[in-house]
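All remarks here apply to the structure that follows.
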Amino acid sequence: MKKILISLLATASISSFAVGVTPQIESQIRTMLPNTKITAINYSTYAGLYEVLAGDNAFYVGLNNESEVIVGHILNIKTMQDETQVNIELANAKRFDYKSMDLSKTLKVGKGKKHLVVFIDPDCPYCQQLEAYLNTKLDKITVHYVFIPLPMHPNAAAHTRQILCSSNPAGAVFDLMVNHKDLPDGSEACQANADKTIKSNEDLARANGINSTPYAITDTNKVIGGFNQAAFDKFIEGK
């Protein structure tokens, strides 16, 4: 199936907010896209096109064209609101349930009342910026780090093992990611256990359609993709 890339589709004032399709249409679209982990399918404001959400990704399909999709977001040109992003956030709020998440293999940092699960790569520049920011908020939040070293960062897996094998993993996150300190590798046994944790984390991310970092899920089930400081400020400082 080909993809037609666009930045934004412009629409007038008619809202496209999350109106789910019939079971028949949903079944047909899922058959067209058997390898896509779909989180929601909605009607769009364009006749004959349907909005397909897959995690933080969005594209538009027509039932009469099974070889091409339109990739992009719909912008309401009267309100200047990214309507696709609104729908993505609505779908993500239903997609995760913080209370049911297994946090047993996460690295817990902080003692605050508000909780945040963060999928992170120690060599990701935006993750490093996020770590520097979160380190100033640890009296207000508790962070559960899920390390998923990305293939684009060849040293990320080794750095993750160094953090997990540190005598003080919580401090090692800041030392490695922000201060860029060299850390010892740890014993072979510890590295082997760290690899198991990484594998478990990668499975968790894959099962939930998470393939980028940083990716945060709040204890209110809100998703914050990337280092969006305004969104983090709103969550942490808000009531």
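The values are calculated or read from the model by the stated rules, or taken from the named source; none is laboratory data. Here the structure is a predicted model, which means the values were calculated and not measured. Every residue, glycine as well, gets a Cβ built from its backbone with ideal geometry; the counts of neighbours run over all protein chains shown. Ligands, DNA and RNA are stripped out before the accessible areas are found, and what is left, the full protein with its side chains, is counted by its heavy atoms. Shrake-Rupley method; radii C 1.70, N 1.55, O 1.52, S 1.80 Å.
Within segment 87-100, which residues are open to solvent by less than 40 Å² (accessible area, probe 1.4 Å) and either of a type in the set (S, T, N, Q) or in contact (Cβ under 8 Å) with a residue 40 or more places away in the chain (or both)?
The answer is Asn87, Ala91, Asn92, Phe96, Tyr98.
Show me the helices (runs of 4 or more DSSP H) found entirely inside segment 108-209 where at least 2 residues are within 15 Å of Gly226 (Cα to Cα) and touching a helix residue (DSSP H, G or I) at 6+ places or on another chain (Cβ under 6 Å).
125-134
As an exercise: evaluate Gly171 against (1) open to solvent by less than 30 Å² (accessible area, probe 1.4 Å); (2) touching a residue at least 60 places away in the same chain (Cβ under 8 Å); (3) more than 22 Å from the chain's Cα centre (by Cα) and give the number of the one condition it does not meet.
(2)
Please specify each residue of segment 144-157 satisfying the condition of being closer than 15 Å to Val173 by Cβ and either open to solvent by 30 Å² or more (accessible area, probe 1.4 Å) or of a type in the set (Phe, Trp, Tyr) (or both).
Passing the criteria: Tyr145, Phe147.
For segment 40-54, which positions are open to solvent by less than 50 Å² (accessible area, probe 1.4 Å), within 14 Å of Ile25 (Cα to Cα) and among the hydroxyl-bearing types (Ser, Thr, Tyr)?
Ser44, Tyr50, listed by residue number.
From the list Asn57, Asn64, Asn35, which residue is within 18 Å of the chain's Cα centre (by Cα), open to solvent by 70 Å² or more (accessible area, probe 1.4 Å) and free of Cβ contacts under 8 Å to residues at least 60 places away in the same chain?
Step by step, each of Asn57, Asn64, Asn35 is checked, and only Asn57 is within 18 Å of the chain's Cα centre (by Cα), open to solvent by 70 Å² or more (accessible area, probe 1.4 Å) and free of Cβ contacts under 8 Å to residues at least 60 places away in the same chain.
Just to be sure before I move on: is Val223 under 14 Å from Ala156 (Cα atoms) and open to solvent by less than 40 Å² (accessible area, probe 1.4 Å) in the structure I sent?
no
Please verify whether Thr136 is touching a strand residue (DSSP E or B) at 6+ places or on another chain (Cβ under 7 Å) and either on the phi < 0 side of the Ramachandran plot or touching a residue at least 40 places away in the same chain (Cβ under 8 Å) (or both), treating the condition exactly as stated.
Details: touching a strand residue (DSSP E or B) at 6+ places or on another chain (Cβ under 7 Å): no; either on the phi < 0 side of the Ramachandran plot or touching a residue at least 40 places away in the same chain (Cβ under 8 Å) (or both): yes.
Taking the combined requirement at face value, the residue does not satisfy it.
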